[in-house]
Structure formats: C-alpha cells, structure tokens
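A.B. asks: To start, I am sharing the structure in question, which I have written as structure tokens.
Values in this text are rule-based calculations from the coordinates and carry no lab data. Source: prediction; values computed, not measured. So basically every Cβ, Gly included, is an ideal-geometry build from the backbone, and we count neighbours across all protein chains shown.
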Amino acid sequence: MFIAIMANGSIASWVVWKEYSFIWGLLIALSQLINAIKVYLPYQKRLKSLESITKELETLFLVMETAWFDVSEGKLTEQEIHKQRMDMKKKNQQLTDKYFGGNPLPHDKKLLIKAKDQAVSYFKTFYFFED
C-alpha cells in the first residue's frame with residue numbers, strides 16, 4: 001500500500017510541482033527499491049509463520065489453562081505438575097521450531113512486559129479470587 005501511494009503520489013506531484021522533480025524521482029526510485037527488496041526481508045515469512053502457529057498455540061494454551069485448574073485445585077502431585085509443565089514446554093518448543101526454525105522472532109522488551117502484565121491480569125481475574 002505504501003509503495004503504491006508513494007509511486008502514484010510522486011508522479012502526480014511531479015506534474016504539479018515540476019521544480020521538485022528530483023524529489024519526486026527519488027521517491028519513485030525509493031518505492032521501487034523497497035518493492036524489489038521486500039521479498040528478502042524476514043517480515044513476510046514471519047507473518048506467514050505467525051498466522052500458521054497461532055491456532056496451534058491457542059490449542060496448547062487451552063490445554064495449559066485446563067492443567068492450571070487442576071494444579072490450583074491441588075489435584076496433582078508435584079511429579080505430575082512437573083511432567084505436565086515439561087510436556088507443555090516441549091510442545092511449545094516443537095511448535096516454535098516447526099514454524100520459525102532458525103529464524104526466531106526478535107524480542108521486544110516493552111511488548112514482553114506488556115504481555116506478562118496481561119497474563120498476570122488474566123490469571124488474577126479467572127483464578128486468584130479474593131473473598
């Protein structure tokens with residue numbers, strides 16, 4: 001979308017403001033350069049991987065949430081809790097390897113903090129009831 005707007009807008013502006021033809025030509029060249037290199041940027045592949053992994057992670061999270069209920073109710077032994085935790089970590093790692101392989105997602109500390117805050121809020125809302 002950006003490339004189309006830049007190219008078409010630059011051509012239209014070139015007609016109106018001919019004294020700035022160098023700028024408009026530069027913008028058109030830049031939009032064409034972006035178009036040519038975008039296939040080599042990791043974002044397209046990451047987006048596709050994210051779309052694919054989302055459904056499988058949602059299923060895993062439902063399994064985790066169900067297991068957490070059993071843990072919070074004291075229905076599992078320490079060994080059972082540890083085994084379930086390790087099984088879920090292994091499944092998460094398998095999904096990550098399957099969809100991202102050697103091209104993992106970059107870490108953004110601000111987004112990680114926000115995600116953790118949302119997770120804490122979720123569990124406080126649904127599992128840690130205060131009377």
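A.B. asks: How would Phe123, Phe22, Phe100 line up from fewest to most surrounding beta-carbon atoms within 10 angstrom?
C.D. replies: Starting with the residue having the fewest Cβ neighbours, the order is Phe22, Phe123, Phe100.
A.B. asks: How would you rank His107, His82, going from fewest to most other Cβ atoms within 10 Å of each one's own Cβ?
C.D. replies: Ranking His107, His82 by Cβ neighbours within 10 Å, fewest first, gives His107, His82.
A.B. asks: Now for a separate question. Greater than 22 Å separation of Cα atoms is the criterion. Which listed pairs, Lys55/Lys116; Lys91/Lys116; Lys90/Lys124; Lys55/Lys124; Lys91/Lys114, meet it?
C.D. replies: Lys90/Lys124; Lys55/Lys124; Lys91/Lys114
A.B. asks: Could you give the dipole magnitude of segment 42-126 about its Cα centre, charging the beta-carbon of Lys and Arg +1 and that of Asp and Glu -1, in debye to the nearest 20?
C.D. replies: 440 debye
A.B. asks: Sequence neighbours fewer than 8 away in the same chain don't count; with that in mind, list the aspartates and glutamates whose C-alpha is under 20 Å from Lys75.
C.D. replies: Glu65, Asp87
A.B. asks: When Lys109, Lys116 are ordered from fewest to most other Cβ atoms inside 10 Å of their Cβ, what list results?
C.D. replies: In order of increasing Cβ crowding within 10 Å: Lys109, Lys116.
A.B. asks: Pulled fully out, how much extra length does the chain show between Asn92 and Gln118, if you take 0.36 nm times their separation in residues and subtract their Cα-Cα distance?
C.D. replies: Taking Asn92 through Gln118 to full extension adds about 7.4 nm, to one decimal.
A.B. asks: Tell me, what is the FRET efficiency for Arg46 and Lys110 to the nearest 0.05, using R0 = 22 angstrom and their Cβ-Cβ distance as r?
C.D. replies: 0.75
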